[in-house]
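All of the numbers you see were taken from the coordinates with simple rules; none came from a lab. Predicted model only: the values in this text are computed from it and were never measured. When we count neighbours, we look across all protein chains shown, and the Cβ atoms used for this are built from the backbone with ideal geometry, even at glycine.
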Amino acid sequence: MHLDRFPRLSLAHLPTRLEPMDRLSNALGGPRIWIKRDDCTGLATGGNKTRKLEFLMADARDQGADTVITCGAVQSNHVRQTAAAAALLGFGCVVLLEHRIGAPNQSYLTSGNVLLDRLFGAQVEHMPEGANVDECMSDAYDRLKHDGKKPYLIPGGGSNRIGALGYVDCALEIGQQLLQMELAIDCLVHATGSSGTQAGLLAGIAASSSPLAVLGIGVRAPQEIQEQKVFDLACATAEYIGAKNPLKRESVVADCNYIGEGYGIPTDGTLEAVELVARLEGILLDPVYTGKGMAGLIDKVRNGTFRHAKNILFLHTGGAASLFGYQPILEGRWREDP
Ligand SMILES: *Cc1c(COP(=O)(O)O)cnc(C)c1O
């Protein structure tokens, strides 16, 4: 199984490291926890979107595009990485930011990823709350066309079957590493949002007949909706790559019990996870995705879900740039310390 026939640009620093987190594992007293460092993929502080953009930007180039359009939440990591890729490749970049959280503070609106979007020279536009994202995207497309540009639409999170190829590739990379390390992983845990990461992983696992189990920790949608979204894209991706083994609906698991009040609103568990991993491992998680994913992992170690497991792998999907958009919330946590 290889992806050579799909157009691809080299943007990511690969393979990313797969290493143990022994101080965290010891502190929790459960299975050994490993981390796959997809926060170190390169491209503007890294993250999971770099792998997707290798395929998406190659497709944009092959279609003769000169401008990419994408969308996301105000503190979207995907938008920031797309803006960086566009800068690197000499594309124009229009980004539509969606106001998903109720009462954002000044850091959220101007620092972190938003600051970087502007640094990369992206044209930043804000969608009104409750706006129809698809409509806004197609309006931007029409407008750019009218202005004589050749636009290319990248969906939110880069999650279509082209972007998902990045995580098919990651599944193969992990398979290689586990083989070399003679390591058996009981479960791979990661944060799931727009679904391309989990869908790509599952398609790659099916294509390579790997026994790896994947657990997504949802950050936005309820379980049934999230799992269906992942399953649909995983099936489309598996078909796209010609995977022979059919995907089973039961292999798609997204636990959406760690969302709390909603997307982009960190829970106490999220902030605890961010702080614990920073203080025990010197690694930056983020308050929107990986902090929630790790909060789920930690809770499952504590409640015994993983009591029969020896090795758990956390896929670090990036996002640390948004920490600066959450400055007051993080500082609030330390003010409460006695
Ligand atoms: C986008 C993102 C995710 C979720 O990946 P999807 O492919 O959208 O499900 C997880 N972590 C971080 C840091 C992200 O930016």
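Numbers for the structure displayed
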{"read-out": "For the chain, built as a Gaussian network whose Cα springs stay under 10 Å, the top-fluctuating residue of GLN228, GLN176, GLN198", "value": "GLN176"}
{"read-out": "Residue order, fewest to most surrounding Cβ atoms within 10 angstrom, among ARG307, ARG333", "value": "ARG307, ARG333"}
{"read-out": "Among beta bridges that DSSP assigns inside the chain, antiparallel share in %, nearest 5", "value": "10 percent"}
{"read-out": "Candidates ASN311, ASN113, ASN160, ranked by Gaussian network fluctuation over the chain, Cα under 10 Å, top entry", "value": "ASN311"}
{"read-out": "Residue exposure sequence - SER111, SER195 - by fewest surrounding Cβ within 10 Å", "value": "SER111, SER195"}
{"read-out": "Segment ALA103-LYS244, extension gain: residue separation times 0.36 nm, minus the distance between their alpha carbons", "value": "46.0 nm"}
{"read-out": "Distance in nm between pseudo-label sites at LEU14 and LYS310 (7 Å out along the Cβ direction from Cα)", "value": "2.9 nm"}
{"read-out": "Value in Å of the Kirkwood radius, where the chain supplies the Cα pairs that are averaged", "value": "20.0 Å"}
{"read-out": "Rounded FRET efficiency, nearest 0.05, which uses the C-beta distance separating PHE6 from LEU115 and R0 of 35 Å", "value": "0.60"}
{"read-out": "Those GluC sites (Glu not before Pro) in segment 209-275 that DSSP places in a loop and that have at most 13 other beta carbons within 10 Å", "value": "GLU261"}
{"read-out": "GNM flexibility winner over the chain from LEU144, LEU276, LEU56 (Cα, springs under 10 Å)", "value": "LEU144"}
{"read-out": "Extension gain (nm, one decimal) between LEU179 and ILE225, 0.36 nm per residue minus Cα-Cα", "value": "13.2 nm"}
{"read-out": "Computed helical MRE - 222 nm, the chain, DSSP H runs ≥ 4 contributing -39500 (n - 2.57), nearest 500", "value": "-14000 deg cm²/dmol"}
{"read-out": "Convex hull volume of segment 2-124 per residue (C-alpha atoms, cubic angstrom)", "value": "141 Å³"}
{"read-out": "Segment 266-338 and segment 1-59: distance between their alpha carbon centers, rounded to Å", "value": "18 Å"}
{"read-out": "Compactness of segment 111-258 as Cα Rg over 2.2 N^0.38 Å, two decimals", "value": "1.22"}
{"read-out": "Most positive-pole-ward Cα, CYS71, ILE185, GLN226, against dipole of the chain from beta carbon charges", "value": "ILE185"}
{"read-out": "Whole-Å distance, taken between Cα centres, linking segment 101-168 and segment 177-229", "value": "26 Å"}
